[in-house]
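Participant: First the structure, which I've put down as structure tokens, then a few questions once you've had a look.
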Amino acid sequence: MIHIEPIPAFNDNYIWCISDDTSRKAAVGDPGDAAPVEQALLDRQLELSAILITHHHFDHTGGIEQLIKHRNIPVYGPENDAVALINHRLNERSTLSLFGLNFSVLEIPGHTLDHIAPYCADTGLGYPVVFCGDTLFAGGCGRIFEGDPAMMLNSLHKLAALPAATRVYCAHEYTLGNLSFCLL
């Protein structure tokens, strides 16, 4: 069985851990810090077998170097040379497979120009999943740093077009702040 669990990092980041009960292997998404990942792997008795990156910001990529230091594993991420440690570059024509799960890739620029979102329609869990990094949050969306409003809106439309049952795994816990803003 597949499990998807958060690994808290920094003040409000989520590093997502996708693990497989059968193989005891795991992939992590957006590891900005290696220490909490290493501790979670130890606590859960998992072996790291892949890393997924949604975009180039350091709070999503800062832990890669340490995590791959003694591991020869794939690092999947966007087509952007800003993160030299990505060894499997992805775009909207790409697919990847982890633990029998087949992911397609959505290009969702706006927050950054290189932003991608791995999407799996058939997880075996009864619902699809998407790892949207900093594009979509509970009650809000990401800041536009490199793109423009039209790009962000188009990206949000792509995410909104996914099946209603899709579980959205964002990379920060901004819910209370976003909902407070909505009440203004």
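Participant: Are there any trypsin sites (Lys or Arg not before Pro) in region 46-123 that are in a DSSP loop and have at most 15 other Cβ atoms within 10 Å? List them by number. Could you put the intermediate results ahead of the total?
Facilitator: On the way: sites: Lys69, Arg71, Arg89, Arg93; in loops: Lys69, Arg71, Arg93.
Loop-located and lightly packed - Lys69, Arg71, Arg93.
Participant: May I ask which residue of Ile64, Phe131, Leu96 lies farthest towards the positive end of the charge dipole of region 1-141, with charges of +1 (Lys, Arg) and -1 (Asp, Glu) on Cβ and the Cα centre as origin?
Facilitator: Of the candidates, Leu96 comes out farthest on the positive side.
Participant: Put +1 on the Cβ of each Lys and Arg and -1 on the Cβ of each Asp and Glu in region 41-184; which of Asn87, Pro109, Leu46 then has its Cα farthest toward the positive end of the dipole?
Facilitator: Leu46
Participant: Between Ile144 and Leu176, what is the label-to-label distance in nm when each label sits 7 Å out along the Cα-to-Cβ direction?
Facilitator: So the label points at Ile144 and Leu176 sit 3.0 nm apart.
Participant: Continuing with the same structure: Report for region 1-123 the percent antiparallel among DSSP-assigned beta bridges with both residues inside it, nearest 5.
Facilitator: On the way: 21 of 31 bridges.
About 70 percent, rounded to the nearest 5.
Participant: Let me ask something else. Within 10 Å, at most 14 other Cβ atoms, and a DSSP state outside H, G, I, E, B define an exposed site. Report the longest part of the chain free of exposed chymotrypsin sites (Phe, Trp or Tyr not before Pro). Don't skip to the end; give the middle numbers.
Facilitator: Numbers: sites that count: Phe10, Phe145.
It works out to 11-144.
Participant: Next question. Given that just one value was derived from the coordinates, which of (i) 16.6, 49; (ii) 15.5, 49; (iii) 19.3, 55 is Rg and Dmax of the Cα atoms in Å?
Facilitator: (ii)
Participant: On to the next question. Which loop-located GluC sites (Glu not before Pro) does region 1-110 contain, where loop means any DSSP state but H, G, I, E or B and the Cβ has at most 16 other Cβ atoms within 10 Å? Display every interim value, and only then the final one.
Facilitator: Details: sites: Glu38, Glu47, Glu65, Glu79, Glu92, Glu107; in loops: Glu79, Glu92.
Here the sparse-neighbourhood loop sites are Glu79, Glu92.
Participant: Taking the alpha-carbon centroid of each part, what is the distance from region 102-122 to region 61-86 in angstrom?
Facilitator: 17 Å
Participant: Next up: Report the full-extension gain for the segment Lys69 to Leu184: residue separation times 0.36 nm, less the Cα-Cα distance, to one decimal in nm. Each step should come with its number before you reach the end.
Facilitator: Numbers: separation 115, 0.36 × 115 = 41.40 nm, distance 4.67 nm.
Length difference between fully extended and current span is 36.7 nm.
Participant: If you don't mind, there's one more thing I want to ask. Report the residue, chosen from Leu46, Leu136, Leu125, that carries the largest GNM mean-square fluctuation when the chain is represented by alpha-carbon nodes joined by springs under 10 Å.
Facilitator: Leu125
Participant: If the elastic network links every pair of Cα atoms under 10 Å, which of Thr166, Thr22, Thr123 fluctuates the most in the Gaussian network model of the chain?
Facilitator: Judging by the Gaussian network model, the answer is Thr22.
Participant: Per the Kirkwood definition applied to all pairs of different Cα atoms, how many angstroms is the hydrodynamic radius of region 45-92? Don't jump to the answer; show the numbers that get you there.
Facilitator: Numbers: mean 1/r = 0.0904 Å⁻¹.
Evaluated on region 45-92, it is 11.1 Å.
Participant: Next question, about the same structure. Go ahead and set up a Gaussian network model of the chain, Cα springs under 10 Å, then flag whichever of Pro163, Pro74, Pro109 fluctuates most.
Facilitator: Evaluated over the chain, the most mobile residue of the options is Pro163.
Bear in mind these aren't lab numbers, they're just calculated from the coordinates by the rules spelled out. Computed from a predicted model, the values in this text were never measured in an experiment. Virtual Cβ from ideal backbone geometry, glycine too; neighbours counted across all protein chains shown.
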